[in-house]
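Report on the structure given below.
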Number of protein chains: 2
Amino acid sequence: MTPTSSPSEPVQSAAASESGATAPIVVSAGARAILDAAAAAFAKASFDSVSIADIASQAGVCKANIFHHFKSKEALYLEVMREACKGHAEFAEALLADPTLSSVDKLRRLIEYDFRTLFGNEERSHLILREILDTGCRTGRTLVEPVFLRNFTAVVGLIRQGQQRAEFTTDVDPAVLAMMVGGAAMMLFQNRCSDGLLAGVDGSADPMACANTVFRTVLGGIAARGSSPATPSRLREIP
Amino acid sequence: MTPTSSPSEPVQSAAASESGATAPIVVSAGARAILDAAAAAFAKASFDSVSIADIASQAGVCKANIFHHFKSKEALYLEVMREACKGHAEFAEALLADPTLSSVDKLRRLIEYDFRTLFGNEERSHLILREILDTGCRTGRTLVEPVFLRNFTAVVGLIRQGQQRAEFTTDVDPAVLAMMVGGAAMMLFQNRCSDGLLAGVDGSADPMACANTVFRTVLGGIAARGSSPATPSRLREIP
DNA sequence: TAACTGACTGATCGAACGGTCAGTACCGTA
DNA sequence: TACGGTACTGACCGTTCGATCAGTCAGTTA
């Protein structure tokens, strides 16, 4: 590909102008193309599996140009992760602070939001999911960890709030429940995107239907109405 | 390290002799050391991040020796995954066929089994979790996929059985529920093993306590007793 | 003793990797 | 016209990768 028609025009992050919520930092059009190509590549494969040459080829620039815009491969990866993590925990925190909604409603909205964001931007979701699992790459972990910690803390707070308001039972650890919901969303997303791992699963077609199922199950359980409460002998009170 | 004291003695899989359930195939002591080292390495990092030199060093053999026992790096990886997947779906299938247990009991035992196996062999769990997420490596996927499909099918069948017996409500998609439970287990495991991602989470310390929480939540929900059934307007009947 | 087999090694291969560098083209400013 | 700065390139560097090779050694068989 030719060196582009009009060089050096510092547009305001091509991706940001259409999504509206990402990348306030001004980057050149060339750097933008590199970041986009890198995000796509790192979402599809692990850090070591992606080569600078691949990214350069995909971005339509030469290899050396990548090192002109970014200090190293790790720095590029870090920048990609920084953009992916932007504005992720705000929703849960705002929801927690909302005085008008019931905890049940908050929980439903949270689950719906989780599924919408997860399925709404598959590339970003894959990026973050991969980062969570890949314990080998500590550089990115330092970036993703606080994001997830903030989000997780808000969700736990939301559940605890519901327990204090007597909307939820107190015999469930909020942290474990938060991980249940998060894990369910991740699993359903991963299955959908791995095109065929568990292909043919009925309910996984519609993300919002899944979200609804998760919400109703967490709230009401699956025990047939009228049956005795589940194994009271094994109940464990949370202090 | 020296070339080992007594060469060429085809022992019956050192790991198998103590665990009792794995690797009926006879492999030489040298190959065994390579497989163990490779399993540990592939559990810690992605396929491309692990080098043959690393594995050789860890196994105490030279690089070329690995290619004497295994055709290629991919073949070695495939063999590692084959051992890791061995005997994974049998429990769920046996549980499904059991005529003596109630569906509620079956569900509890299944969740307990999931957590026990997941937390009981961290190396194997990491191996499989990584494989599920890493869509780039299709060679192993062909191996893991049927394993998970079998297990998943059995779990779905178990839930459907409970619905037919009127032990579970019929307004929940068994497939989505199965993924909920699996996702919860994975999330809790991953959090535990990533030493610090969500460190300080109360309930994640004891796997069996988590299993119990998941079971009770799935069965009974978290809605305070006496409250109205969860959002009946959004109920969706499964045909 | 001789022939054969399998386990194992050091040396080495070409390819691909991340990264560097001198040089070119284009810009706004003076 | 000259200059400094930015974007960008092809050629190249040293290293590491997976894989190959000829050859050594120990044990088994004839």
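The values are calculated or read from the model by the stated rules, or taken from the named source; none is laboratory data. Quantities reported herein were computed from a predicted structural model and do not represent experimental measurements. Don't worry about glycine lacking a Cβ; one is built from the backbone with ideal geometry, like all the others, and counts go over all protein chains shown.
Can you spot a residue in the range A:128-138 that is in contact with a strand residue (DSSP E or B) (Cβ under 8 Å, 6 or more places away or on another chain), under 21 Å from residue B:181 (Cα atoms) and not assigned by TED's automatic domain parsing to the domain that holds residue A:74? Looking through the range A:128-138, none of the residues is in contact with a strand residue (DSSP E or B) (Cβ under 8 Å, 6 or more places away or on another chain), under 21 Å from residue B:181 (Cα atoms) and not assigned by TED's automatic domain parsing to the domain that holds residue A:74.
Kindly establish whether residue A:147 is within 25 Å of residue A:34 (Cα to Cα) and outside the structural domain of residue A:186 (by TED's automatic domain parsing). The answer is no for residue A:147.
Residues that are charged (D, E, K, R) and modelled with pLDDT of 90 or more within the range A:152-189 comprise A:160, A:165, A:167, listed in sequence order. Of all residues in the range B:54-68, none that is within 14 Å of chain A (Cβ to nearest Cβ) has its Cβ atom under 8 Å from the Cβ atom of a residue that is of a type in the set (Phe, Trp, Tyr) and near DNA strand D (Cβ under 9 Å from one of its atoms), 6 or more apart or on another chain.
Can you say whether residue B:98 is more than 25 Å from residue B:34 (Cβ to Cβ), in contact (Cβ under 8 Å) with a residue 60 or more places away in the chain and not polar (S, T, N, Q), as far as the supplied structure shows? Judged against the criteria, residue B:98 is not a match. Selection within the range A:69-79: residues that are in contact (Cβ under 8 Å) with a residue 40 or more places away in the chain and within 14 Å of chain B (Cβ to nearest Cβ). The member of this set that is farthest from DNA strand C (Cβ to nearest atom) is A:77. Note on the range A:56-92: residues that are of a type outside the set (Phe, Trp, Tyr) and more than 24 Å from the chain's Cα centre (by Cα) amount to 15.
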